[in-house]
């Protein structure tokens, strides 16, 4: 007897029914909202500010990110159930604050909204959801209604590398998605103004990385200005040093492509105290200096100049670049090898 393969195809109506049955809240969110209900019934909290404070205090206990307090507060108020049966709320019934018109907020409070991709309107600052040419939704924070300074797209954050003005710089500080979350600091990507526009038009993350690599390859072939300059960095480790009296001299030897990533070769000539006409043997950890410290200080300068090509944002110059999780690799050649 011949076996018959059965195909099960859900109709649009059946899909809608499934959506209506799918639960809106996770088990821990249900617990959170029930706890808020209990506190309200006891009349311990009444006002919105009191609810927000209570949620902030209980998030860590429940294993929820406290930086999302504003979102959980709005989510609770918009979906309040007097009966406390939040486990019965379906996605079809859910009122998501991310889908509502942006609230008018102070610029200094905007970060609480951008962190969780909630629309907002500030002073020459806004956060909203848009669609690219491929129909993909993304969240964008704009300065003066025009310049995209942050984009959240398909689970990834992008930060523009250019500070258009001092006021835009303050806006970026206020709305930074890493302002309230240390976990995001190593996950945000640097993007040039042109790359931000390309992401808005429809670039995927993979296309974004390929474009960034191609731009570095062009720079490596055409721009020789960085290789011709010698650099001096002032400063020393620790608080017991005169920061103006120590110098690090180095030169960018080459910018090149190696496989899929870019490579920056740097020659280090010397670390010295010119006031005393003295070289520092940093490879022997003299005077509190070390090989790692010197390389980190150089990366702090070069990394900022090459931020358009690094990819993942460097949060602490001196450790992150060694993780190998970036578009650029830095090779250091100790010419003087730190000897006196």
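At a glance:
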{"quantity": "Residue within region 221-237 that is modelled with pLDDT of 80 or more and either farther than 28 Å from residue 295 by Cα or not in a loop (DSSP other than H, G, I, E, B) (or both) present", "calculated": "yes"}
{"quantity": "Condition check for residue 184: surrounded by 15 or more Cβ atoms within 10 Å (Cβ to Cβ), modelled with pLDDT of 90 or more and in a helix (DSSP H, G or I)", "calculated": "no"}
{"quantity": "Members of region 111-167 that are in contact with a helix residue (DSSP H, G or I) (Cβ under 6 Å, 6 or more places away or on another chain), at pLDDT below 95 and over 29 Å from residue 72 (Cβ atoms)", "calculated": "161, 162, 163"}
{"quantity": "Hey, residue 145 free of Cβ contacts under 8 Å to residues at least 40 places away in the same chain, surrounded by fewer than 17 Cβ atoms within 10 Å (Cβ to Cβ) and closer than 30 Å to residue 305 by Cα or not", "calculated": "yes"}
{"quantity": "Selected residue (only one of 258, 292 is surrounded by fewer than 19 Cβ atoms within 10 Å (Cβ to Cβ) and free of Cβ contacts under 8 Å to residues at least 60 places away in the same chain)", "calculated": "292"}
{"quantity": "Filter pass, residue 118 being closer than 17 Å to residue 177 by Cβ, in a loop (DSSP other than H, G, I, E, B) and not assigned by TED's automatic domain parsing to the domain that holds residue 22", "calculated": "yes"}
{"quantity": "Counted residues, region 121-167 - those being assigned to a helix (DSSP H, G or I) and under 17 Å from the mean Cα position of the chain (by Cα)", "calculated": "0"}
{"quantity": "Filter result for residue 317 (modelled with pLDDT under 90 and touching a strand residue (DSSP E or B) at 6+ places or on another chain (Cβ under 6 Å))", "calculated": "no"}
{"quantity": "Odd one out for residue 42, checked against (1) within 32 Å of the chain's Cα centre (by Cα); (2) over 19 Å from residue 24 (Cα atoms); (3) loosely packed, with under 13 Cβ neighbours inside 10 Å", "calculated": "(1)"}
{"quantity": "Flag if residue 203 is surrounded by 18 or more Cβ atoms within 10 Å (Cβ to Cβ), at pLDDT 90 or above, over 30 Å from residue 274 (Cβ atoms) and under 17 Å from the mean Cα position of the chain (by Cα)", "calculated": "no"}
{"quantity": "Residue 247 vs. criteria within 30 Å of residue 272 (Cα to Cα), modelled with pLDDT of 70 or more and surrounded by fewer than 16 Cβ atoms within 10 Å (Cβ to Cβ)", "calculated": "no"}
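Rundown of residues vs (1) surrounded by fewer than 16 Cβ atoms within 10 Å (Cβ to Cβ); (2) in the same structural domain as residue 197 (by TED's automatic domain parsing); (3) within 27 Å of residue 205 (Cβ to Cβ), yes/no style:
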| residue | (1), (2), (3) |
| --- | --- |
| 69 | no, no, no |
| 73 | no, no, no |
| 76 | no, no, no |
| 81 | yes, no, no |
| 124 | yes, yes, no |
| 132 | no, yes, yes |
| 135 | yes, yes, yes |
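The values are calculated or read from the model by the stated rules, or taken from the named source; none is laboratory data. Values in this document were obtained by computation on a predicted structure and should not be read as measured data. For neighbour counting, all protein chains shown are included, and Cβ atoms are generated from backbone atoms with ideal geometry for every residue, glycine included.
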